[in-house]
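The values are calculated or read from the model by the stated rules, or taken from the named source; none is laboratory data. What you see is a predicted model, and the numbers here were worked out from it, not measured in a lab. Positions of Cβ are backbone-derived with ideal geometry, glycine not excepted, and every protein chain shown enters the neighbour counts. For accessibility, only protein heavy atoms count, side chains too; no ligands or nucleic acids. Shrake-Rupley method; radii C 1.70, N 1.55, O 1.52, S 1.80 Å.
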Amino acid sequence: MQQVHAAARASRRRLLAGTAGLVAAPFVIRSARAAEAVSIGVVMPLSGANAQFGINARNGVQFVADQINAAGGIKALGGAKIELVVADATSSPTNAASVAQRLITQNRVLAMIGAFASSLTIAMSEITERRNLPLLTMSFSDEITGRGFKNIFQVVAKASVLGKAQLDLTMQLAQASGQKLERIAIMYEDTAYGTSQSGGLRAAAKAAGVEVVMDEAYPLGITDVTPLINKLRGANAQAVFPVSYLNDSLQIIRAMRAQQLDIPTIGGAAGYVIPDFARGLGAAAEGVLSISPANYDLAPELTEPFRQRFGYFMVHEALENGVCLSVVAEALEKTGKADREALRDALRGHRFETGLARAMTGGAVQFDASGLNTLSEPVMVQWRGDQLVTVAPGHLARAPAVWKR
């Protein structure tokens, strides 16, 4: 297993080293002659602070594309293969928008998948909406499907729903352990993702009569979390809800452990639910909880082949971006033609329950008029060693939660 992890790390280093020029020159993963292919744009942050998330997401899409092509391609299109046109959004909304424009005009993609971070996806969606091109995403922000756009499709629950579930499921776990949750702390990065999700937490706390004794925004890429943790220590909170990406999540947990602050920590997905979190923290990650839109252990028969291929479990961004391509393929089978408008109408008009779509918490994907997947149900996960285990809600739990370290 160590050899597999070493190979996976080496592969990631090689990919990171070679992605610097992708904004200017997207690369095509060819699976068939261009005349036979269906071109799908994949725009992810393959370099910069969120590169690991982008690599994971790209791997998930490639995993599904290879499965579809190996099974004979899109049969309703005469066996047309999926051709991925992959480009680096970096971590800049401006770059994400310009890359999306380029893929539409130069690569003539039929649909697009991206771009992990909500701020990147929102920027891309302005372009895809004007060009009448379907954009599928697992980004969280409420704004994504809250603007009345006709060509956007969000396969996960929106951030405010995730934030509400983050609190509600935590209260259930606390109650089951014999503790009444009365005081909580919220800390979140001041991005579209952090702002939307913290809003859901805040509203849920108010509805439940829980006092928010600390409610603190901080800039993405914060270099010193000590003031945050000092404030948390003085807040007398019974649990803390940080909403952050990987680098910030590592800093927050390290600082808490250094100050021997061991109150239950319930992350907001993102940085709290990828293998790099456990690798970066070691024993300090044990027992950390997080909300997540999905988890690999709910459908191991579908996700285990990903682990065998890439050397790590199928993280949620890999799973959900793979689902994006899976529903595009199923929609193309229904329409029988490679047409943007027909594809958009099929995405909004059907229930998708083949391929990786079955690994979502609802067992399928179905978009409402806004483009939101109405079947997505958030889950609570917890680190046990190097595995992420689903612990709530009860009907989806794979193991009981451990409330305190």
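Okay, here's what the table says:
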| quantity | calculated |
| --- | --- |
| Spin-label model distance (nm) - GLN308 vs GLN387, 7 Å beyond Cα toward Cβ | 1.8 nm |
| The chain - accessible surface per residue (Å², probe 1.4 Å) | 36 Å² |
| Estimated inter-spin distance, GLU182 and THR223, nm [label 7 Å along Cα→Cβ] | 4.1 nm |
| Nearest-0.05 FRET efficiency for ASP66 and GLU341, computed from C-beta distance (R0 45 Å) | 0.95 |
| Accessible surface of the range 264-405 [probe 1.4 Å, protein heavy atoms]: carbon and sulfur percent | 50 percent |
| Inter-centroid distance (Cα atoms) of the range 330-353 relative to the range 254-293, Å | 40 Å |
| Filter on LYS180/LYS231; LYS231/LYS404; LYS206/LYS404; LYS75/LYS334 - keep pairs with C-alpha separation over 19 Å | LYS180/LYS231; LYS231/LYS404; LYS206/LYS404 |
| Packing rank of 238-248, 392-402, where each peptide gets the mean count of other beta carbons within 10 Å, highest leading | 238-248, 392-402 |
| The chain: C-alpha pair distances exceeding 41 Å, % | 11 percent |
| Per-peptide average of other Cβ atoms within 10 Å, ordering 340-349, 215-224 highest first | 340-349, 215-224 |
| Cubic angstrom per residue, convex hull over Cα atoms of the range 42-196 | 148 Å³ |
| The range 271-405 - charge dipole about Cα centre, Lys and Arg +1 at Cβ, Asp and Glu -1, debye rounded to 20 | 220 debye |
| Residue with peak Gaussian network fluctuation, the chain [Cα springs, cutoff 10 Å], from SER125, SER177, SER98 | SER177 |
| Hydrodynamic radius of the range 246-405 per Kirkwood, over alpha carbon pairs, in Å | 17.0 Å |
| The range 247-327: translational diffusion in µm²/s, Stokes-Einstein, Kirkwood Rh over Cα pairs, 25 °C, 0.890 mPa s | 178 µm²/s |
| Carbon and sulfur %, accessible surface of the range 118-236 computed with the full protein complex present, 1.4 Å | 50 percent |
| Taking all pairs of distinct alpha-carbon atoms in the range 113-196, Kirkwood radius in angstrom | 14.3 Å |
| Descending principal axes extents, the range 137-243, alpha-carbon based, whole Å | 46, 36, 19 |
| Residue-averaged [θ]222 nm for the chain, counting only DSSP H segments that reach four residues, each worth -39500 (n - 2.57) | -13500 deg cm²/dmol |
